[in-house]
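Here the structure is laid out as structure tokens; the discussion comes afterwards.
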Amino acid sequence: MGEPFDTPLAVVGAGAAGLMTAIHAGRGGLRGVVALDGARTLGAKILVAGGGRCNVTHQAVDERDYAGSTPASIRRVLARFSVEDCVAFFEALGVALKVEDTGKLFPVSDRARTVLEALLGAAASAGVSIRHPCRVETIEPMPQGGFMLGGAWGRLHAARLALCTGGCSLPRSGSDGAGLAMARSLGHTVTERVVPSLVPLLLAEGFWLRQLSGVAVPAELRVLGPGGKRLVRFRNAVLFTHFGLSGPAALDISRHWTLHHALDAEVRLQLALLPDMDEAACSRWLLEGTGRGVLARLREHLPERLARAVLEASGVEMEATPQRIDRDRRRELVRHLVGLDLPVTGDRGFTHAETTAGGVPLREVHLETMESRIRPGLHLAGEILDVDGRIGGFNFQWAWASGFIAGSAVAEAECRA
Ligand SMILES: Cc1cc2nc3c(=O)[nH]c(=O)nc-3n(C[C@H](O)[C@H](O)[C@H](O)COP(=O)(O)OP(=O)(O)OC[C@H]3O[C@@H](n4cnc5c(N)ncnc54)[C@H](O)[C@@H]3O)c2cc1C
């Protein structure tokens, strides 16, 4: 006989995925669930999410909103906890959600704290004990079963373990990648590359777009492979900043640029300010503008500051009529409008990233339980897995869905045993 366990389930990390796991394990009838978090303040990411309003989910979520592990495996997880389930879950906790024009769902209160307090309340009602700050430093699988967790706070012997430590984004919140090292030490692999996702991009020092800090426009960003093959594109607002690019389109494309560029240095990021036109259509459109200067023509689509900067960067006189611009200059102007290669020098790193691209591959977990295929008794949920969503509430939906599955499965397995 081995020693009795201190807890049937230790959840490491009490963020979105960890709280969801613990709540559903408790609701499933499991007594004595413990969630440990290294942070002094719980739920830092929930509180900062969505500019302090917490974009809880999106009205339409499917596997195409994510990258990382295979779409089929992501779909299977999402199918178990739908957007309707998410809305009903929060509604039952007294948090009504509203849909905004963008399709994003926020609490009616417009306060992220409402979401965090509801989750903490649900955890307490489900009998979960949340201990913090208790950073888990070591995890040892025990020969007689279970896992021994240790840290400056002491030791805890758990029958099962849920690793919900997040990835590497916003390390000051407590998610600094330590969980990935723990997953490795327990026998898992981690994708070869773990990079910031939903992160602003840096443009070369002195590049003209950096002078336009604060200007935001609807545009298209594309990652182009060798030979100009379009690998991925996002059409949404782009915000120019003093360091480079931000805004939803830039954040969404960031992980794609980084990963493709890491594989092939010829990969380019291209900006289309007028994405509905190709070069020929743009040239025609310019020439159709009669009787007015080219600046006025550009201002039909672009804010004045940007229009002026585009003309300056392409060497075109502000007051020139489009017909008077020589062919080479016009070609240059068209290039600036419909397909400008950007000198990206990197990204702002995990400190400024909303999520992590890379992590433990989904093929290493049973999708119906989120239990490890490698280490029985270990479950994984949330950002630690190799799944990252685009901007819009998709990352939380992933955390809720994978946490729901893990917690429900642990309760079912342990209560049956
Ligand atoms: C600024 C910002 C804004 C965002 N806005 C949104 C949004 O509006 N909508 C959306 O869908 N997504 C948003 N995201 C992404 C979203 O917050 C994450 O995808 C989500 O929080 C991941 O949940 P998680 O529980 O897996 O990880 P985390 O939220 O990172 O939680 C992991 C927890 O584990 C703890 N931990 C880590 N290591 C240890 C250890 N060794 N011992 C004990 N505890 C440990 C950490 O302290 C942390 O509390 C945002 C992210 C950021 C950074």
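The values are calculated or read from the model by the stated rules, or taken from the named source; none is laboratory data. None of the values given here were measured: they were computed from a predicted structure. All Cβ positions, even for glycine, are placed from backbone atoms using ideal geometry, and neighbour counts span all protein chains on display. These accessible areas exclude ligands, DNA and RNA; they are computed on the full protein's heavy atoms, side chains included. Shrake-Rupley method; radii C 1.70, N 1.55, O 1.52, S 1.80 Å.
Within the stretch 29-51, residues that are outside any helix (DSSP H, G or I) reach no partner that is of a type in the set (Asp, Glu) and surrounded by fewer than 18 Cβ atoms within 10 Å (Cβ to Cβ) with beta carbons closer than 7 Å at six or more positions or on different chains. Picking from residues in the stretch 130-163 that are aliphatic (A, V, I, L, M) and surrounded by fewer than 16 Cβ atoms within 10 Å (Cβ to Cβ), the one that is nearest to residue 8 (Cα to Cα) is 142.
Pairing residues of the stretch 108-132 that are on the phi > 0 side of the Ramachandran plot with residues that are of a type in the set (Gly, Ala, Ser) and part of a helix (DSSP H, G or I), at Cβ distances under 9 Å and at least 6 apart in sequence or on separate chains, gives 110/52; 127/26. Looking across the stretch 15-69, not a single residue is among the basic types (Lys, Arg), near the ligand (Cβ under 7 Å from one of its atoms) and more than 15 Å from the chain's Cα centre (by Cα). For residue 328, the criteria (1) over 20 Å from residue 177 (Cβ atoms); (2) buried (at least 17 other Cβ atoms within 10 Å of the Cβ) hold in every case but one, which is (2).
Results for (1) in contact with a helix residue (DSSP H, G or I) (Cβ under 8 Å, 6 or more places away or on another chain); (2) surrounded by fewer than 17 Cβ atoms within 10 Å (Cβ to Cβ); (3) farther than 30 Å from residue 50 by Cβ, shown as yes or no for each residue.
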position: 249; (1), (2), (3): no, no, no
position: 254; (1), (2), (3): no, no, no
position: 276; (1), (2), (3): no, yes, no
position: 287; (1), (2), (3): yes, yes, yes
position: 292; (1), (2), (3): no, yes, yes
position: 309; (1), (2), (3): yes, no, yes
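Residues that are more than 9 Å from the ligand (Cβ to nearest atom) and either basic (Lys, Arg) or open to solvent by less than 10 Å² (accessible area, probe 1.4 Å) (or both) within the stretch 164-179 comprise just one, 172.
Residues that are of a type in the set (A, V, I, L, M, F, W, C), buried (at least 17 other Cβ atoms within 10 Å of the Cβ) and more than 12 Å from the chain's Cα centre (by Cα) within the stretch 195-212 comprise 201, 202, 203, 209, 212, listed in sequence order. Based on this model, can you work out whether residue 215 counts as touching a strand residue (DSSP E or B) at 6+ places or on another chain (Cβ under 9 Å) and within 16 Å of the ligand (Cβ to nearest atom)? No; evaluated as a whole, the condition is false for this residue.
Annotation for the stretch 274-293: no member residue is closer than 19 Å to residue 219 by Cβ and of a type in the set (Lys, Arg). For residue 374, the conditions (1) surrounded by 19 or more Cβ atoms within 10 Å (Cβ to Cβ); (2) assigned by TED's automatic domain parsing to the domain that holds residue 51 are fulfilled apart from (1).
All of 166, 150 fail the test of being of a type outside the set (A, V, I, L, M, F, W, C) and on the phi > 0 side of the Ramachandran plot, apart from 166.
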